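Input: a single structure, listed below in structure tokens.
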Amino acid sequence: MQDWNVIEVNHVAKSFKIYTDKGHTLKERAISLKRNRYQTREVLKDINFQVKRGDSLGLIGHNGCGKSTLLKMLTKIMYPDKGSIEIRGRVSSLLELGAGFHPDLSGRENIYINASIFGMTRKEIDERLQTIIDFADLGDYIDNPVRTYSSGMYMRLAFSVAINVDADVLIVDEILAVGDVNFQRKCLKKMNELQEQGVTIVLVSHSMEQITSVCNQCVWIQDGVVVDAGETGRVTERYLAFMEEQAGAEHVAETVRKKECIGTIDQAQLLANGAEGKYIFTPQDELELRFHYTGPDTGVVCFLVDITREDFVTCLIKDYTNDEKGYPGKEGFVTIKLGKLPLISGRYFMNLKIIIKDTDDWAAQVSPLFSFDMYAPGKHGGVLYVEPICEVRTTGDQ
Amino acid sequence: MNVLKDIYRYREMVRSLVKRDLQGRYKNSALGFLWTFLNPLFQLCVYSFLFTVIIPMPIEKYYIHLFVVLVPWIFFSTCMTAGARVVLDQQDMVKKIYFPRTVLPIAFTLSQLVNMLLSMLVILVIVVVSGHGINLVALLALPGLVLLQFLVCLAIVLIVSAVTVYLRDMEMILGVVAFALMYAAPVIYAESYIPEKLRGLYYCNPMAGILSGYRSVFYYKELPDVSILISPILFGTIGVVLGFLAFGRMQRHFVEQM
């Protein structure tokens with residue numbers, strides 16, 4: 001193993017035997033030979049990569065590409081059939097939170113059990129006990145049995161232990177699905193702190209936003225081999241471009257017609273720079289929404305477009321009313337020029353409502369009409385993608 | 001060697017699993033920890049009644065004769081039957097997180113050992129209160145016997161817990177084997193009942209030697225005969241080494257089998 005590497009993965013291969021119907025008992029195995037039939041499925045064929053000290057690695061790839069299997073081998077839950085995996089230092093994983101929790105024991109007692117499963121000694125746990133308790137933020141509940149906890153409290157306690165075990169390598173799978181927004185923010189902050197302390201983070205996520213904000217290196221796995229590895233920006237861009245080609249069908253609009261709807265929305269198209277069929281946009285793309293609607297025969301209608309991010313943050317609500325006059329109620333072809341959307345990376349949903357003017361009733365609605373991904377290079381927080389230019393002059397300058 | 005280093009690093013996990021097992025098991029039962037003692041005591045009552053009233057055995061103070069080996073026997077048979085499920089029962093943990101898998105059988109055997117040692121206190125109380133008395137010199141052999149039995153039990157738990165992951169039948173088979181073995185060891189009868197010419201074969205069973213040893217210490221109040229301990233010594237040492245090797249090999253594919 002090279003001195004400057006923390007993780008080395010060399011020619012790793014793993015395949016599974018898929019039994020059509022596996023017999024676990026002698027009787028089952030003896031009686032039905034059929035049960036012993038299996039197919040071999042090669043999940044990983046030849047995986048190679050290294051992680052240098054101080055780097056953090058993102059693993060990307062579509063569902064079923066073998067990311068989870070690789071993670072399980074990195075954490076030594078499974079072993080590769082061929083090849084080797086070497087890791088320097090203690091590995092902690094946020095794969096399974098709360099391993100070994102006993103519902104009848106108190107939070108405090110469970111900290112000791114859980115932390116010991118990560119290979120900590122009593123002395124180490126004693127030293128960190130207060131930090132863990134503070135981070136979990138459970139107040140007096142810490143001395144109550146874990147079975148009385150809400151699921152959020154349970155996850156918070158488990159997360160707090162896992163992230164405070166003083167690991168050299170932290171392996172994280174689809175984080176931040178736990179807890180409320182405040183706790184998530186705390187976790188991200190903690191991860192950045194850990195990185196500064198030199199902890200290597202290996203993150204698996206489908207969110208390019210999380211990957212870019214945590215990892216500087218990235219490995220893209222597909223069909224059991226590494227397609228590309230290297231600097232995050234380049235790899236994610238290639239990956240997104242590839243996913244775009246594949247996407248197509250997934251994003252096609254579906255018209256939800258509720259009973260009370262008297263109108264319909266169809267032939268919806270979302271165009272970027274005049275072209276259709278692409279659902280990954282950058283803040284520079286000029287977007288245009290086209291659709292056809294039918295409404296109530298009489299009266300006038302207006303349109304309401306809103307865009308919501310995956311985590312339910314509403315980013316935009318726009319009412320199109322035609323200067324208070326409204327649009328023809330019967331039917332029509334609509335083109336809405338949305339322009340550039342200054343949104344940060346992430347997945348968004350676009351919803352459309354046709355509202356009968358001057359009432360609260362809507363004639364038709366489709367939500368989501370489209371789902372799309374934004375890709376904005378660089379690190380961003382919040383909602384808006386802006387590129388402020390920062391200049392500094394010191395008093396000595398003119 | 002690496003295995004031992006790993007286990008040493010995870011000593012706190014062994015400790016907390018033992019503690020969790022001992023604390024957690026009786027947490028919500030009314031009699032709580034007393035069950036550790038009540039279970040062997042109930043068995044003692046049943047067997048004593050059976051073999052002093054219904055089928056009288058010509059053995060003086062039969063209840064002591066029985067109880068001093070019943071307690072270690074329960075330790076052994078629990079290791080065989082419940083020990084089979086040790087890894088399988090923790091599959092949620094095994095599937096999701098790394099730790100040296102050997103920790104599980106070790107912690108289980110240790111917590112059973114603690115249970116037995118506590119029950120042994122009851123043995124001491126009984127032999128003193130009943131006026132049977134204790135020979136302190138003979139008692140010196142006790143730590144050796146306990147260690148031997150621990151090794152034998154650990155070897156068995158290591159192997160059966162790993163095999164059970166691959167073959168779930170193991171648990172049922174072991175139930176039957178444990179039942180049969182009880183009669184192949186001097187639990188309810190005296191060693192002297194075994195015909196002279198079969199005795200060599202009889203003592204090949206490591207538990208026969210160990211139980212006889214306990215009985216010498218507590219009942220006959222004398223040091224055990226070393227010759228009957230040859231089998232347990234061989235079985236214990238070789239068994240533990242083989243057990244670790246076999247477990248180490250089998251554990252590599254535990255997750256795929258769960």
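Each reported figure results from applying straightforward, stated rules to the coordinates on display, with no laboratory input. Keep in mind that what you see is a predicted model, and the values were worked out from it rather than measured. With ideal geometry, Cβ positions are generated from the backbone for all residues, glycine too; neighbour counts draw on all protein chains shown.
Take each residue of peptide B:86-99, count the partner chain Cβ atoms within 10 Å of its Cβ, and average: the result is 5.
Under 15 Å of direct C-alpha separation, and excluding same-chain neighbours fewer than eight residues apart, A:Lys330 reaches these aspartates and glutamates: A:Asp266, A:Asp297. Listed from fewest to most Cβ neighbours within 10 Å, the set A:Val334, A:Val301 follows the order A:Val334, A:Val301. A simple spin-label model places pseudo-atoms 7 Å from Cα toward Cβ; at B:Leu201 and B:Tyr166 they are separated by 3.0 nm. Counting every other Cβ atom within 10 Å of each residue's Cβ, A:Lys379, A:Lys72 order from fewest to most as A:Lys379, A:Lys72.
In this simple spin-label approximation, A:Ala13 and B:Ser227 carry label points 7 Å from Cα along the Cα→Cβ vector, and these lie 5.9 nm apart. Rounded to the nearest 0.05, what FRET efficiency do A:Glu231 and A:Asp297 give with R0 = 56 Å and r taken as the Cβ-Cβ distance? Could you check? Calculated transfer efficiency: 0.45.
Here B:Tyr10, A:Tyr79 are placed in order of increasing Cβ neighbour count within 10 Å, fewest first, which gives A:Tyr79, B:Tyr10. Where both bridge residues fall in the protein assembly as shown, DSSP classifies roughly 80% of the beta bridges as antiparallel.
State which stretch of chain A is the longest one without any exposed chymotrypsin sites (Phe, Trp or Tyr not before Pro), exposure meaning a DSSP loop state and at most 14 other Cβ atoms within 10 Å.
Numbers: sites that count: A:Trp4, A:Phe312.
Result for the longest clean stretch: A:5-311.
Classification of the protein assembly as shown by its C-alpha gyration tensor yields a prolate form. The axis ratio a/c (a ≥ b ≥ c) is 1.5 or more, and a/b outweighs b/c.
Within chain B, what's the longest run with no GluC sites (Glu not before Pro) in a DSSP loop and at most 14 other beta-carbon atoms within 10 Å? Give the range, please.
Details: sites that count: B:Glu60, B:Glu222.
Segment B:61-221 is the longest.
Looking at the stretch A:52-245, send over the antiparallel percent of its DSSP beta bridges, to the nearest 5. The antiparallel fraction comes to roughly 30 percent.
Phi angles across the stretch A:316-328 convert, under the Karplus curve 6.51 cos²θ - 1.76 cosθ + 1.60 with θ = phi - 60°, into 3J(HN,Hα) values of 7, 9, 10, 9, 9, 10, 6, 6, 6, 7, x, 10, x Hz, Gly and Pro given as x.
Remark: relative contact order (chain B) = 26 percent; criterion is Cα-Cα distance under 8 angstrom and separation of 6 or more residues. Compute the long axis of helix A:151-163 from its Cα atoms, compare it with the longest principal axis of the Cα atoms of chain A, and write down the angle in degrees, 0 to 90, nearest 10. Taking Cα atoms only, the helix is inclined about 50 degrees.
For the stretch B:65-105, the residues whose amide N sits under 14 Å from a probe point set 7 Å from the Cα of B:Ala190 along the beta carbon direction are B:65-66. Ignoring lysines fewer than eight residues from B:Lys221 along the same chain, the ones with Cα atoms less than 20 angstrom from its Cα are B:Lys61. Relative to one another, the C-alpha centroids of the stretch A:312-369 and the stretch A:372-387 are positioned 22 Å apart. Relative to the longest principal axis of the Cα atoms of chain B, the long axis of helix B:170-183 makes an angle of roughly 20 degrees. Here each label is just a point 7 Å from Cα along the line to Cβ, and for B:Thr237 and B:Glu256 those points are 3.6 nm apart.
Computed extension length for A:Tyr320-A:Val386: 21.2 nm, one decimal, from 0.36 nm per residue of separation with the Cα-Cα distance subtracted.
Bridgeable aspartates and glutamates around A:Lys340 (alpha carbons under 20 Å apart, same-chain partners fewer than 8 residues away excluded): A:Glu209, A:Glu237, A:Glu244, A:Glu276, A:Asp285, A:Glu286, A:Glu288, A:Asp306, A:Glu310, A:Asp319, A:Asp373, A:Glu387.
About the Cα centre of the protein assembly as shown, how large is the charge dipole given +1 on each Lys and Arg Cβ and -1 on each Asp and Glu Cβ? Please answer in debye to the nearest 20.
Magnitude of the dipole: close to 2640 debye.
Which of the listed residues, A:Met243, A:His11, B:Leu140, is farthest toward the dipole's positive end in the protein assembly as shown, when Lys, Arg count +1 and Asp, Glu count -1 at the beta-carbon? Working it through, the farthest residue towards the positive pole turns out to be B:Leu140. Using the structure shown, list the pairs from A:Lys45/B:Lys5; A:Lys189/A:Lys278; A:Lys123/B:Lys19; A:Lys45/A:Lys72; A:Lys186/B:Lys96 with a Cα-Cα distance above 22 Å, or answer none. From the list (A:Lys45/B:Lys5; A:Lys189/A:Lys278; A:Lys123/B:Lys19; A:Lys45/A:Lys72; A:Lys186/B:Lys96), the Cα-Cα distance tops 22 Å for A:Lys45/B:Lys5; A:Lys189/A:Lys278; A:Lys186/B:Lys96.
The Cys residues in chain B with no partner Cys Cβ within less than 4.7 Å of their Cβ are B:Cys45, B:Cys204.
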